[in-house]
1. Please compute the modelled spin-label separation between THR139 and ALA49, points set 7 Å along Cα→Cβ, answer in nm with one decimal.
2. So, counting K/R as plus one and D/E as minus one, what does the shell of residues with Cβ under 15 Å around ILE135 add up to?
3. Determine which residues of region 47-80 fall in the zone a paramagnetic label at ASN91 would reach in this model, i.e. backbone nitrogen under 18 Å from the point 7 Å along Cα→Cβ.
4. Over the chain, with the other protein chains present, what is the accessible area per residue in square angstrom, probe 1.4 angstrom?
5. Could you state the per residue volume, in Å³, of the convex hull enclosing the Cα atoms of region 90-149?
6. Contour minus end-to-end for ALA22 and ARG108, with contour as 0.36 nm per residue of separation and end-to-end as the Cα-Cα distance?
7. Between ALA101 and ALA71, what is the label-to-label distance in nm when each label sits 7 Å out along the Cα-to-Cβ direction?
8. Which FRET efficiency value, to the nearest 0.05, do you get for THR30 and MET1 by plugging their Cβ-Cβ distance into 1/(1 + (r/R0)^6) with R0 = 22 Å?
Amino acid sequence: MNTSVPKGLPAEGHVFIVLGSALSSSGKVTATLERRLKLAVKALAAYPASKVVVTGGKPKQGKTEAAVMKAWLVDHGVRSSRILTEDKSSNTIGNAKKTMALLAGSTRYTSYTLITDAGHMRRSSVLFRAATMEIEERTGKRWAIRPVANLAYPDMQAGKVPLSAASVAYTATEVAS
């Protein structure tokens, strides 16, 4: 897990996936979401051929997380044409399933990098791999996409702090579904 933009990501076929987080009650970006978006801006600047998917469909004040995230990125210099939106999901498993289904619709994408907080990365990584396997199982075809070099805001000592029993149970339930 990287806390700064990694070197050596694929020059073609790569997409960053920024995981959503609940919007404020007024429908604006929260501090948690802003730190993920700031990482995305740095990553997109370092990899100008990469696209980005913004995820999240829980609306506040009539705006989804994905729509607010896209507007924030555009306001911070990212071309709209580089941004894909997944605006139907309401949790991390939905982010994974719906984002991977979106990407599976094109042969263009061969690798992805998740962008989220360190404390959210372990669960997210497992769920995105499970969503990939689900697509492969459903289609009967091996899919060339692979995860590379996840990027996380260091909100905790990832890997040094054991997961709580509740977190393990929640992840197991999501993966099983």
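1. Distance between the two pseudo-spin positions: 2.1 nm.
2. Taking every Cβ under 15 Å from that of ILE135, the sum is +3.
3. Once the point is set 7 Å along Cα→Cβ of ASN91, 55-59, 65 turn out to lie under 18 Å by backbone N, inside region 47-80.
4. 50 Å²
5. So the per-residue Cα hull volume is 79 Å³.
6. Computed gain between ALA22 and ARG108 is 28.0 nm.
7. Going from the ALA101 label point to the ALA71 one covers 2.6 nm.
8. 0.50
The values are calculated or read from the model by the stated rules, or taken from the named source; none is laboratory data. Model, not experiment: these values are computed from the prediction. Reconstructed Cβ throughout: ideal geometry from the backbone, glycine too, with neighbour counts over all protein chains shown. Quick note on the areas: whole protein, heavy atoms, side chains included, nothing else; ligands and nucleic acids left out. Shrake-Rupley method; radii C 1.70, N 1.55, O 1.52, S 1.80 Å.
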